[in-house]
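What follows is one structure encoded as structure tokens, with my remarks underneath.
The values are calculated or read from the model by the stated rules, or taken from the named source; none is laboratory data. These figures come from a predicted structure and were not determined experimentally. Neighbour counts are summed over all protein chains in view; Cβ atoms, including those assigned to glycine, are modelled from backbone coordinates with ideal geometry. Protein only, heavy atoms only, side chains kept; ligands, DNA and RNA dropped before computing areas. Shrake-Rupley method; radii C 1.70, N 1.55, O 1.52, S 1.80 Å.
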Amino acid sequence: MLAPSLTEGFGLPVVEALQRGARVVCSDIPAFREMADGLCTFVPLSGHGKEDFINAAAAALQLPRPAPSIFPELSGETIAAKWVNLYQQVIVANATRYLATRGADVVEKGTNLS
């Protein structure tokens, strides 16, 4: 998989390729380094980008195919747990703010918050 990019927000295609055991050649940019340092062939951004990518791809094809990489921080379970945690924090923050501003009214009127 070739990932020539000057800027990238996350690099999900690189992660997906690594999860499938593909050889990956990508630009040497922070987003790719963050996700795939040590797992990709990185090509420095220079004036010879096209030739550098061709040479790196040819060299990568000579290497054995890597084992699929595992990214536990991107598993469905981990992401779901982070979303649940976020929603819980939002609910608590909103309930706390509501009670701080309207708490006396709620207690006086006997409003049920559940």
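For the pair ALA100 and ASN55, the difference between a 0.36 nm per residue extended length and the Cα-Cα distance amounts to 9.8 nm. Its Cα gyration tensor gives the stretch 20-73 an equivalent ellipsoid, and the semi-axes of that ellipsoid, as √(5λ) in whole Å with the largest first, are 21, 15, 6. Summarised in one figure, the compactness ratio Rg/Rh of the chain, Cα atoms and Kirkwood Rh, is 1.35. Working from Cα pairs under 8 Å separated by at least six residues, relative contact order for the chain is 22 percent.
Which of the GluC sites (Glu not before Pro) found in the stretch 1-97 are loop residues per DSSP with 14 or fewer other Cβ atoms within 10 Å of their Cβ?
Answer by residue number: there is no such site.
Counting only alpha carbon atoms, the long axis of helix 76-109 and the longest principal axis of the chain meet at about 20°. Estimated from helical segments only, the mean residue ellipticity of the chain at 222 nm is -18500 deg cm²/dmol, where each DSSP H run of four or more residues counts as -39500 (n - 2.57). Counted residue by residue at 0.36 nm each, then reduced by the alpha carbon distance between them, the extension gain from TRP83 to GLU34 reaches 15.5 nm. Heavy-atom accessible surface of SER69, to the nearest 10 Å², is about 20 Å², with a 1.4 Å probe and all protein chains retained. Of the solvent-accessible surface of the chain, computed with a 1.4 Å probe over protein heavy atoms with every protein chain present, carbon and sulfur atoms account for 61 percent. The stretch between PHE71 and LEU6, if pulled fully straight at 0.36 nm per residue, gains 21.0 nm over its current Cα-Cα span.
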